[in-house]
Structure formats: C-alpha cells, structure tokens
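Here is the structure we will look at, set down as structure tokens.
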Amino acid sequence: MAAIESDVSAIIQSNAQESEHISTAKKLGLWNMWVAFTAFIIALPMGLYQVAERSDLFPALESAQVYYASISTHGVLMAYVFSTFFIMGFGYHTAGYSLQQKLWSTKFAWSGFIIALFGVVLAAIPLLTGNASVMYTFYPPEVGHPIFYIGATLLIVGSWFWSVDMIVAMTQWKKANPGKVVPLVMFGVTINALLWLWTSAGVAAEVVFQIIPVTLGLTETFDPGLARTLFSWTLHAIVYFWLFPAYIVMYSIMPKEAGGKLFSDEMGRVAFVMLFIFSVPIGFHHLYMDPQQAAGWKLLHMFGTFMVAVPTLITGFTILATLEISGRLRGGKGLLGWVSRIKWDNPVVLGTALAMLMLTVGGWGGVINASYSMNSLIHNTQWVPGHFHLIYGGTTVIMYFAVAYWLWPKIIGRALYSNKMALIQLWSWFFGMWITTAPWHILGLLGQPRRVNTLPYDTAIAALWDPYEMVMLAGSLLLTVSGFLFIINLVMTHLNTRKQDDMSVTYAVAVHQPMHVPKLLNSLSFWNWAMLCYMIISYGYPIIQFAFIGTPQSTPWSY
Amino acid sequence: MMAIHIHPLERKWLFVIAVIILLTWVVQLYYALNKSTHPPSNVEVIDSVRLHLNDGIGGGEFAETNLGVKRDKNGQLRVTMVAARYSFYPQEIVLPLGESITFRFASFDVLHGLHVPFSNLNSMVVPGYISEVTTEFTREGEFPILCNEYCGTAHAFMYGKIKIVAKEKFKL
C-alpha cells in the first residue's frame, strides 16, 4: 500500500498544472477503487477455502465455525464492499471527466469515503472473529453482534454521500448547459446513484428499525416476515446497482476502445431508464416461497421481473452491433468476417465480449428463478449461488477488471505493467467462472441445498454430488490464481517506470450522436416519481399488512 | 415530444423482445390461473413460542401429539410438521405416490426452509407463520427433506426423511 500512497502524492505534484476537478476525480477514483480491489483480494481466497471445506475431501479443514464466519465475510466483502467502493470510484472519476466541472464539495465526497471505510473496518471485527456469522443476508431472528450491523449501516450511509454527489453534479451541469444532452456515461452513473438511494432504503429500514434495536436490547422482539419483505426490496435491485457500471462501460467506453462507434446512444438511455424502473419494485421473486406474502402480490412482481429482461436484450443487440461496426471499420467483410477483426487484444473489448457470453447463459438461468412456479425447483438450492456468481462474479466483475486495466494507467500516469497478462487474466477468469458455476447449477438441480458446510446425507442423491464438487474445486482454484494475477498487474503498474503516453479520457460517440434527446431521456425527475408510484403499488400493501395481520413476534436467536 | 432515432433492424428486435416477454407472461398466467400452480402463500400466523401448547392461535395444530400424516374429513392427506434446529418433526414419514398431499409447516425457532430434491416441495418456514404447500410425488423411493435456509452452524445437519411408496402399499 505504501507504493500507492507515494503514487497518490506523485499525482498531486505532477498534476499541479492540471485542473482541480481532474485531480479530484483521479484521487477519489483511485482511493475508492483500491479499497474495492483490496476487499476483493481478501475475500477471493475465502471462496476457494469454502469450496474445499464443503467438498468433505479435506478432513483437516472441517470447521462449521470457520466456514460460516468465512462465508459471511466473503459475502459482505464481495457483495457490499467491493461493489460499492468500485462504483463510487468509477462514478467520481466519470463525473470529473465527462462533465468537466468541479465537484460541489470535495470535503463532502471524502467524508462519505471515510464514513463508509470506517463502517467496513467496524463490521470486519465481528465478522472475522466469528461474532457475526449471519451471512450477508442476515435474516432475523438470528442475530450477530450489534457492531456488525452498525458498521454495515455506516457503509450504506457513506455511499449515500456519493449518490448525492452524483445527482448534484448532473443537476449543476444541466443548469450550466441548458438544452444540452447529458453525456450518456454520466446519465448512466447518475441514474445508478438514484437507483442506489431507492435500493438501499429497504435494508436500511430493516437494520435501523428492526435489527439494531433488538441487538442493543432496546426492543425485545421483531417480525421476521417484515424483515424478509424489506430485504427483498433491496436484494434484487442491488444486483442492478452492481451491474449498471458494466453496462455503462459497454455503451460509453468500449466502442472507442474497439476503434468504432456506439450503435445507438438513445437506446442506451432507454435501457438505463428501464433498468432503473424495473429494478426495485419487483423484489418478490425472492419471496416466492415465503408464507407471509399472498400469491397475487407475487404474481404482480413476476410481470415486472420479466420486464427487466428488456433492457438486457436491448443492450445485447446494441453492444453486438457496436462490435460489428468496429470489426467492419477495421476491414472485416462478409457475414462473420468482422469477428476476427475486432480488437481482441484490448482488455475492455475482450472483457465486454466475455461478459456478454456469461450474461446470456446466466440470464436464461435467471428466467427459471423469476418464474412464478418453476422457482420451486431451484429455490435456495446451489443453483442460486451458481446463478449470481455467474452474473455478478462473472459478467459484472470481469467488467470491473476491464475498467481498472483501462483507467489505472490514465490515473497514475504509468503504463500498464503487462497487457498480455491482463488478457490471460480475463480469459482465465472467464473459464474459471464457467468451471465453477456450471457444476454449481447442476448441484442445485440435483437438490443440494445452499449454505451447507458439509454433506452428511446418507442417500443415493448425495452420492451424485461428489464429482461436481471436485470440478468446482478446480474452477475456484483457477479463479483464485486469476484474481491474484489481476492484483499483481495493478501493483506492478504502480511500480512501472514506463510512462503512460495516452492520458486522455474520452467517451464513445454514437453513429448518430444525438444533439437533442427527449426530456425523459435526459432527466431523472419523472422516473423518480414513477418509481415512487410503482413502489407504492407493489410494496405498499405488502408492508402495511404487517401492522394488522397480528403476527406473534419473534425473539432474537444466536446462530 | 421529440422522437428518438431507432434503426429499422432494432425496431424488429424490439418486436422480438415484446413477443418473448408476452410469451413468458402468458405461460405463467396460464399455469397460475388454469392449473392453480401457486407458490406457498397462505399468510397465516402462529405463535412460534407456544407452538407445542393446545391453546393460543393455531389451537394446538402443531402440538407434539398432532404431528405427522393424517387424513382430514374430506379424505385429503395432510402432513403437519415442525421445523426446528436441527431437524424436521416427525423425522421420518411415509407417503403415497401420485396422490395430492397438503403439507403444513411451522418453525419452532429461527428461519428454516425445506426442499425435497426432484420435487417441487419447496418452502420457506418463517417463525410466526404457517407455510402450506399442496403437491404430489411422481417418483417412488427414499428422499431426504433438506433444510435449505441457513439456520445456524449445524444447518447442514438439518434433514428428515420421506419415503414414497406405491398407492396400494400405503396405509395410515
């Protein structure tokens, strides 16, 4: 980390002539993203350990206590810390470069960063000491140490500073540039910031009003049914919060890196808006198997759940068309001749293609999860972690890697240590993810429940599982090696003596770059109100019902 | 309102997307409304702390003497089970193949889930609520009934057994 600190101060010195908003963007970007990738590399080997422990092949590793402490930490670090800090870093960087204006308060931005980081450190203590082995979903009435929940809340509060920063930045820019089109990249970042405010409200309410009061002894009981309902508010939309930057990069950074143009700017905006509006009010597919919500509400959420496939299918088309344009511009001919002409040696381009492949398969898996009745075949089986590792760990995280390869040299002014290593890393992550998640899905279909640390079932079914456990082990080993290759490349870039030549950060231009777009695709206020209405319809009664159905409350339990 | 620029090919693709989404909706609506395939959603409350007593909400449905397989006055097979750390009670039951069975579950302590592999018997068991599922089995044999929601550090050891026998071999 010392190398990083010296780099940061080097940036401050060498960029004395650079405008203030650019150096702020770089610093906030670098610090946030280093926290993200540090969390990633701490959590990664835990995944390998968990696969090994669970397989029952290594008796020396067997320990339920360590396993559940590890899996809780792995989940919190990967799902909350890695993603949130990466998104904040990418957002600050994008706001500085795409809007070319000062952040309204640098102090405010750093305050958010410090609050969030302090929250992470606080939460890590009970997690690592086995005092909060409640999983990253922490469903009551099981509770861990109060410090875990307080730390997690601070992480969310810190991230709200970032959300406010992004929304204020876009609002100020629009005021200063009346009638102009907000750059697609910033439109995406800002709508994701607004999405995060909506998304995190559910879990924040659960933790602040239900869990923390009970763990501190201020109240004695709570309703696990209400807690699960509030968590479902957050649990699906959060996945879109993570995925959003991946889409933004495909639309506004990849086309230029590929040496071409974006197929359609407007359809990108349509996709972003749809991803926003169909993200939060559809969380009930996580509650399909729950007794505390009635069938009609589940059916209502089902419609919206399938609607989120629309922005993804639009994105698939636009990105594929964009890749084709770039291949043809570089001399590709015929029906498929353009494929080989694509700049496969560019990490952002390669990352996009690999992410798209994983998204296609993972997305079809998601259709099963989203299905009103088919869900019962896979609910809470190993299929579910298999699915979200493919979409988040695969599609999303591979784009985070690609962004880092693109951004690091442009932030610190040193050339990427090894492009070849970066390409090998992306490919190995891609194959590692397949080798891990394909058997994971199959284990789910073979009935293995999720979150088990051993397989003590003396049945013919349990015997079917063993070969898949072994394959998963090979896959996670490859993923771990790949993750370290990534971190080594970043650290070596900091130590690189070769200067980065191309320091410019510019965003893709569309084939028909719009001079004007409809107000609905250039502003968030309408969509914010639409979200409010949709949320009242889909979560209003299901939450209010807990005030009068008279559930006998639960007391807290240890694990 | 200004129109946005949409490529003709993209217009066709949007049409394809609309057809895909409509199809998924129609298929699910058909099975939900016509075949009554619904996930467990009965919204019925019970006091988990007093589960074993013969008074209170639920009227002793989950008292120890009332657990197990029974036929109600309409002839419908009913299974009443308690999920508690770390087993399902009763721990072993025998059920007939190809007959509609209504399961009712309640939790004694924390959140649990249950799943019988290769079947659609899957439900959360949330303390404070009764979960009801009606299904039938299509395969003979011995199956585990597995807890599928993390319920504590011995979660992996929480399972019971369901034996499915041919209809004519089944007796209460």
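The values are calculated or read from the model by the stated rules, or taken from the named source; none is laboratory data. Since this is a predicted model, take the numbers as computed values, not measurements. As a convention, Cβ positions derive from the backbone with ideal geometry for all residues, glycine included, and neighbour counts pool all protein chains shown. Keep in mind that these areas ignore ligands, DNA and RNA; they rest on the heavy atoms of the full protein, side chains included. Shrake-Rupley method; radii C 1.70, N 1.55, O 1.52, S 1.80 Å.
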Most packed first (mean Cβ within 10 Å per residue), the peptides A:113-122, A:491-500 order as A:113-122, A:491-500
Kindly report, to the nearest 10 Å², the accessible surface of residue B:161 as traced by a 1.4 Å probe over protein heavy atoms only.
-> 70
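Tell me the net charge near residue A:524. Cut-off is 13 Å between Cβ atoms, residue A:524 excluded, with +1 for each Lys or Arg and -1 for each Asp or Glu.
+3
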Chain B - percent relative contact order, Cα under 8 Å, separation 6 or more = 21
So how exposed is residue A:454, as accessible area in Å² (1.4 Å probe, rounded to 10)?
-> 10
Across chain A, where is the longest run that never hits GluC sites (Glu not before Pro) in a DSSP loop with at most 16 other C-beta atoms within 10 Å?
-> A:221-559
Accessible area of residue A:73 in the full protein assembly, 1.4 Å probe (Å², nearest 10) | 10
Helix A:525-544 versus the longest principal axis of chain A: what angle, 0 to 90°, nearest 10, using Cα atoms?
-> 10
Given the rule -39500 (n - 2.57) for each run of at least 4 DSSP H residues, summed and divided by the residues of chain B, what is its mean residue ellipticity at 222 nm, to the nearest 500 deg cm²/dmol?
-> -5500 deg cm²/dmol
Have a look at B:107, B:36, B:123 and tell me which one the Gaussian network model of chain B (Cα, springs below 10 Å) gives the largest fluctuation.
-> B:36
If we count every other residue with Cβ under 12 angstrom of residue B:5's Cβ, Lys/Arg +1 and Asp/Glu -1, where does the sum land?
-> -1
Please state the charge dipole magnitude for chain A, taken about the Cα centre, from unit charges on C-beta atoms (+1 on K and R, -1 on D and E), reported in debye and rounded to the nearest 20.
-> 1780
Provide the per-residue ³J(HN,Hα) series for the range A:396-412, in order, calculated from phi with Karplus coefficients 6.51, -1.76, 1.60 and θ = phi - 60°, each as a whole number of Hz, with x at glycine and proline positions.
-> 6, 5, 5, 6, 4, 4, 4, 4, 4, 4, 6, 7, 3, x, 6, 7, 9
Within 10 Å of each Cβ in peptide B:132-138, how many partner chain Cβ atoms are there on average? Round it to a whole number, please.
-> 1
By DSSP, what percent of the beta bridges with both residues in chain B are antiparallel, rounded to the nearest 5?
-> 70
Longest principal axis of chain A (C-alpha) makes with the long axis of helix A:64-75 (C-alpha) an angle, in degrees to the nearest 10, of 30
When the distances between all Cα atoms of chain A are binned every 20 Å from zero, what whole-number percent does each bin get?
-> 21, 58, 21, 1
Averaged across the residues of A:448-456, what count of C-beta atoms belonging to other chains lies within 10 Å of each residue's C-beta?
-> 6
Would you give the gap between the C-alpha center of the range A:264-341 and the C-alpha center of the range A:21-65, rounded to a whole Å?
-> 28
To the nearest 20 debye, the range B:44-169 has a Cα-centred charge dipole, built from +1 on Lys and Arg Cβ and -1 on Asp and Glu Cβ, of 260
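Only helical DSSP H runs with n ≥ 4 go in: add -39500 (n - 2.57) per run for chain A, normalise by residue count and round the 222 nm mean residue ellipticity to 500 deg cm²/dmol.
That comes out to -22500 deg cm²/dmol.
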Output the antiparallel fraction of DSSP beta bridges having both residues in the protein assembly as shown, as a percent to the nearest 5.
-> 65
For the modelled label position 7 Å from the Cα of residue B:138 along Cα-to-Cβ, which residues of the range B:81-122 have backbone nitrogen atoms closer than 16 Å?
-> B:97-101, B:116-122
By the mean-Cβ-within-10 Å protection proxy, highest first, B:127-137, B:10-20 rank as B:127-137, B:10-20
Mind listing the phi-derived Karplus ³J(HN,Hα) values for the range B:12-21, rounded to whole Hz, using 6.51, -1.76 and 1.60 with θ = phi - 60°, and x for any glycine or proline?
-> 5, 4, 4, 5, 4, 4, 4, 5, 4, 5
Per-residue ³J(HN,Hα) for the range A:226-234, Karplus 6.51 cos²θ - 1.76 cosθ + 1.60, θ = phi - 60°, Hz, x for Gly and Pro | 5, 4, 5, 5, 5, 5, 5, 4, 8
Tell me which residues come under 5 Å, amide H to amide H, from residue B:44 once H is placed; ignore anything under 5 positions away on its chain.
-> B:130
Under 5 Å between amide H atoms, partner at least 5 residues away or on a different chain: which partners does residue A:557 have, H built in plane at 1.01 Å?
-> A:142, A:143
Taking K and R as +1 and D and E as -1, what net charge do the other residues with C-beta under 9 Å from the C-beta of residue B:148 add up to?
-> +1
Average beta-carbon neighbours from other chains, 10 Å sphere, peptide A:133-142 = 4
